[in-house]
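See below for the structure under consideration.
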There are 2 protein chains.
Amino acid sequence: MPGFSFQLHRQDGGARLGEIATPHGIVRTPAFMPVGTQAAVKAVRPEEVRALGTDIVLANTYHLMLRPGAERIATLGGLHKFMNWPHPILTDSGGFQVMSLSPLRKVDADGVTFRSHLDGATVTLTPERAMEIQDLLGADIAMQLDECVKLPAARADVEHAMQLSLVWAERSKRAFEHVEGRAVFGIVQGGVEPALRLESARAMNELSFPGYAIGGLAVGEPQEVMLSVLDLVTPALPEDRPRYLMGVGTPEDLVEAVARGIDMFDCVLPTRNGRHGLAFTRFGAVNLKNARHADDPRPLDPESPYAPAREYSRAYLHHLVKANEMLAAMLISAINLAYYQELMNGMRTVIAAGRFADFREETRALWSRGDLPPLT
Amino acid sequence: MPGFSFQLHRQDGGARLGEIATPHGIVRTPAFMPVGTQAAVKAVRPEEVRALGTDIVLANTYHLMLRPGAERIATLGGLHKFMNWPHPILTDSGGFQVMSLSPLRKVDADGVTFRSHLDGATVTLTPERAMEIQDLLGADIAMQLDECVKLPAARADVEHAMQLSLVWAERSKRAFEHVEGRAVFGIVQGGVEPALRLESARAMNELSFPGYAIGGLAVGEPQEVMLSVLDLVTPALPEDRPRYLMGVGTPEDLVEAVARGIDMFDCVLPTRNGRHGLAFTRFGAVNLKNARHADDPRPLDPESPYAPAREYSRAYLHHLVKANEMLAAMLISAINLAYYQELMNGMRTVIAAGRFADFREETRALWSRGDLPPLT
């Protein structure tokens, strides 16, 4: 069973082409990780997730520790077997969902105590417990426990959370050291404060993690603010370790972040939008709820490499959305994931060929062109 | 484009092996038709419906006339193209759903007037309009408009509805005569009154339809009552025309009805139960909501020919059901349809070999054995 490693194959401007080896296989970077919150990518079967070009999925520690439970999944043979996904898995630490989902959370130096959003039970998550859970799940890549503050926040609160996250980073790393072949990533915090971000990146660097995430972004701030943090942080991270921008993003976010040296992403957007009738195409987003599609026999994109984007009419997809048919969520989620993975694959191809800058321009031009004009 | 025809290949006791030719391909009988109420089999993609061994699906005229509208579907190229199902389609006439779904319905000799359950609009369905809609949809097999009464009902009401359905049968047939290559089936009514059922069957026979349905059953009566009606009606129907038992049923209903000479079925049970966590297997039904499955690493059936029934643990399916993941409905609906089509295929195989009686006994014995005992 080969252990975790990262190889940087090529740089093209800021964009990087690489490969992460894990015990469950290779992740080609830049990589997009579909989100399987509750051990399932919503509305898409695992073999389809794979067929769409996915190397790695993300699963949420917070949800799985509460239901069905990490010990149960371990007894059942681990998360890969449980969810019928024999390929790489990254798990988050649970910290972000504690902040966003659970009522009555209380943070102290030791960890965070909260009420389960499912049954109200009191649960404590320490760095050591977060790592134990991710070990039980069998994650190929685990994440340190961090404290996330809701933005906007006072500088002192952002700084306190950043410093606490550093302490927890060291404890997380130590707690995962005995796990062979798998990796834990540190998370750079610091909100949108340049000095705090730099301090966090430098301190993380000293802890020498096998990979680094940038957390606490894409939480409502404008895109240029997020990108300016990347401009600041990525140069402070070591070149020979993968960089993961957590919870990002739109197709445009992905291209702009890859341009700034990011290697990994996760986001619920393709599947969440898929459940709400919003499709991603080469020409931007298409709202299939819109009545303009009701009589439109054209497919979403006749030149898509993914058959459902070519074979189903907009009229039919519109009908399925309006009629609340599950097939709407199934088809549009898969179409969106296909588009995301096609975009990642496109970026990997052009970085290899040294043509990333052109690709970025061409891709943006297609998005600006926008969707087909309505039929008249 | 070959037209509708039926060939009876073999009889084995009462069970019949045959083949229906339609403009969109062959239907091997006995056949089970998954229900695509709103032009979609719920939670299963059309290519998967096909791969599971489905020759023909049913779509509901009532739903489609109200949304997205029959004229719209015709303009878009017909129902086959609309729902990306290039294989045979049978549509019902809308009569049954008018009774079960719409408030304020009013029946007179000309047709039925009702309020749409979607927007309250007043709609009139005559035999001529029901056939026009099914022609617009492009159904390979259309159904006559009939009047369905809710059972239990007074004999006079059952008789009146049966007589009215006969008049509408003739009008439906005449209204569909100009449609080349496609067929309209007559529907035998008469509730659970033997004399009325026989009168209906004889009168239908005289009208000489290319196929006959038996309607108004599986509406809550005990199975033996339904089977006794079949014992009475099927001998009164011509041997050289297919016989379709509408809205049936459980796996046991299918086997018992095939034993009595039925060739076609439709039912929402496999997909509806799939959305409620109930799986069909060779050993009977399995309620995956049940806590006994929470720690059970075993698949639903390690010897199923359908991979998801072998590859996912009961523990995982239980988790998906409890967590309200769409993937639960997707997997269990497909597992159920796979089981239904496997059962139909099994029946066709043994009828060809003259072994239907043995198969019926063996299949019933497996069902009686029941599901695996819980893990201890």
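The values are calculated or read from the model by the stated rules, or taken from the named source; none is laboratory data. What you see is a predicted model, and the numbers here were worked out from it, not measured in a lab. In this analysis, Cβ positions are derived from the backbone assuming ideal geometry, glycine residues included, and neighbour counts consider all displayed protein chains. Side chains included, ligands, DNA and RNA excluded: accessible areas come from the protein's heavy atoms. Shrake-Rupley method; radii C 1.70, N 1.55, O 1.52, S 1.80 Å.
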* Residues in the stretch B:107-125 that are in contact with a Phe, Trp or Tyr (Cβ under 7 Å, 6 or more places away or on another chain) and under 16 Å from residue B:161 (Cβ atoms): how many? -> 0
* Name the pairs whose Cβ atoms lie under 9 Å apart, with the first residue in the stretch B:358-372 and in contact (Cβ under 8 Å) with a residue 12 or more places away in the chain and farther than 16 Å from residue B:339 by Cβ, the second among the basic types (Lys, Arg) and open to solvent by 70 Å² or more (accessible area, probe 1.4 Å), and 6 or more positions between them or separate chains? -> none
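Taking residue B:348, is it in a helix (DSSP H, G or I), among the charged types (D, E, K, R) and more than 12 Å from chain A (Cβ to nearest Cβ)?
Numbers: in a helix (DSSP H, G or I): yes; among the charged types (D, E, K, R): yes; more than 12 Å from chain A (Cβ to nearest Cβ): yes.
Considered against the rule, which asks whether it is in a helix (DSSP H, G or I), among the charged types (D, E, K, R) and more than 12 Å from chain A (Cβ to nearest Cβ), residue B:348 comes out as yes.
Of these, B:375, B:331, which one is open to solvent by less than 20 Å² (accessible area, probe 1.4 Å) and either basic (Lys, Arg) or within 14 Å of chain A (Cβ to nearest Cβ) (or both)?
Of the residues listed, the single one that is open to solvent by less than 20 Å² (accessible area, probe 1.4 Å) and either basic (Lys, Arg) or within 14 Å of chain A (Cβ to nearest Cβ) (or both) is B:331.
Residue B:32 - would you say it is under 30 Å from residue B:350 (Cβ atoms), open to solvent by 20 Å² or more (accessible area, probe 1.4 Å), outside any helix (DSSP H, G or I) and away from chain A (no Cβ under 14 Å)?
For residue B:32, the condition - under 30 Å from residue B:350 (Cβ atoms), open to solvent by 20 Å² or more (accessible area, probe 1.4 Å), outside any helix (DSSP H, G or I) and away from chain A (no Cβ under 14 Å) - is not met.
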* Asked: In this structure, is residue B:159 in a helix (DSSP H, G or I), more than 19 Å from residue B:73 (Cβ to Cβ), modelled with pLDDT of 95 or more and of a type in the set (D, E, K, R)?
  -> yes
* To do: Scan (1) assigned to a strand (DSSP E or B); (2) free of Cβ contacts under 8 Å to residues at least 40 places away in the same chain for the single condition residue A:20 breaks and write down its number.
  => (2)
* Could you list, in sequence order, all residues of the stretch B:311-321 that are more than 7 Å from chain A (Cβ to nearest Cβ) and open to solvent by 10 Å² or more (accessible area, probe 1.4 Å)? => B:318, B:321
* If residue A:116 satisfies every condition in (1) among the small types (Gly, Ala, Ser); (2) at pLDDT 95 or above; (3) in contact with a Ser or Thr (Cβ under 8 Å, 6 or more places away or on another chain); (4) surrounded by fewer than 24 Cβ atoms within 10 Å (Cβ to Cβ) but one, which is the exception? -> (2)
* Return the only residue of B:163, B:223, B:144 being among the polar types (S, T, N, Q) and under 27 Å from residue B:9 (Cα atoms). => B:144
* Is the stretch B:296-305 home to any residue that is of a type outside the set (D, E, K, R), closer than 30 Å to residue A:324 by Cβ, within 8 Å of another protein chain (Cβ to nearest Cβ) and open to solvent by 20 Å² or more (accessible area, probe 1.4 Å)? -> no
* In the stretch A:119-145, which residue that is among the polar types (S, T, N, Q) and buried (at least 24 other Cβ atoms within 10 Å of the Cβ) is nearest to residue A:188 (Cα to Cα)? -> A:144
* For residue A:139, state whether it is out of contact with any Gly (no Cβ under 8 Å at 6 or more places or on another chain) and not in a loop (DSSP other than H, G, I, E, B). => no
* Name every residue in the stretch B:95-113 that is surrounded by 15 or more Cβ atoms within 10 Å (Cβ to Cβ) and among the hydroxyl-bearing types (Ser, Thr, Tyr), in order of residue number. => B:102, B:113
